[in-house]
Amino acid sequence: MSDTQTAPKVQKTEAEWRETLTPEQYHVLREKGTERAFTGALVNNHDDGIYRCAACDAPLFASDTKFESGSGWPSFFTPITPGAVATIEDRTHGMRRVEVTCANCGSHLGHVFPDGPQPTGERYCMNSASLSFEKQ
């Protein structure tokens, strides 16, 4: 998987992000934190709708691409559109992973792994704190 990180369309100062996000959202979205497994509000959400970026409201994932991965985080097999998210190699914590960010604002969402279901074989493992949900 190649890096697709580009300059975000929405740009705010860190002070502006702190004003609009909860402390947990700020930690995950802006400081690349991770919520504890099985604690996020959207892990067990099975409603139909759209998952959006909690920072900028950009549409990221459709509910019909969500699946039960057993990982403890909301997991999807593909973004809502090809350009909705960006990816970049992440070599932190002594691991080699692929970080997923919102293509619209650059906020950290989670990571993508090559162990998901078909048709893509990918598992976009997202933090609930990085997402909002719009029920349809």
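The values are calculated or read from the model by the stated rules, or taken from the named source; none is laboratory data. Because the structure is a prediction, the values reported are computed rather than measured. Methodologically, a virtual Cβ is constructed for each residue, glycine included, from the backbone with ideal geometry; neighbour enumeration extends over all protein chains shown.
Here are the numbers for the structure shown:
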{"read-out": "Residue count, segment 6-45 (criterion: among the small types (Gly, Ala, Ser), free of Cβ contacts under 8 Å to residues at least 24 places away in the same chain and within 23 Å of His93 (Cα to Cα))", "value": "0"}
{"read-out": "Members of segment 85-136 that are buried (at least 20 other Cβ atoms within 10 Å of the Cβ) and in a helix (DSSP H, G or I)", "value": "Ser128, Ala129, Ser130"}
{"read-out": "Any pair with Cβ under 6 angstrom, 6 or more apart, that starts in segment 79-101 at a residue that is more than 27 Å from Asp57 (Cβ to Cβ) and ends at one that is of a type in the set (Phe, Trp, Tyr)", "value": "none"}
{"read-out": "Asp48 vs. criteria of a type in the set (Asp, Glu) and closer than 24 Å to Pro117 by Cβ", "value": "yes"}
{"read-out": "Residues being in contact with a strand residue (DSSP E or B) (Cβ under 7 Å, 6 or more places away or on another chain), surrounded by fewer than 19 Cβ atoms within 10 Å (Cβ to Cβ) and not in a strand (DSSP E or B) - total across segment 66-79", "value": "1"}
{"read-out": "Any hit, segment 71-88, residues being more than 13 Å from the chain's Cα centre (by Cα) and closer than 12 Å to Phe133 by Cα", "value": "no"}
{"read-out": "Any hit, segment 22-35, residues being under 12 Å from the mean Cα position of the chain (by Cα) and aromatic (Phe, Trp, Tyr)", "value": "no"}
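Yes/no matrix, rows are residues, columns are (1) touching an Asp or Glu at 6+ places or on another chain (Cβ under 8 Å); (2) modelled with pLDDT of 95 or more; (3) within 22 Å of Pro82 (Cβ to Cβ); (4) buried (at least 19 other Cβ atoms within 10 Å of the Cβ):
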position: Gln5; (1), (2), (3), (4): no, no, yes, no
position: Pro8; (1), (2), (3), (4): no, no, yes, no
position: Glu19; (1), (2), (3), (4): no, yes, no, no
position: Thr22; (1), (2), (3), (4): no, yes, no, no
position: Gln25; (1), (2), (3), (4): no, yes, no, yes
position: Val28; (1), (2), (3), (4): yes, yes, no, yes
position: Asp47; (1), (2), (3), (4): no, yes, no, no
position: Cys53; (1), (2), (3), (4): no, yes, yes, yes
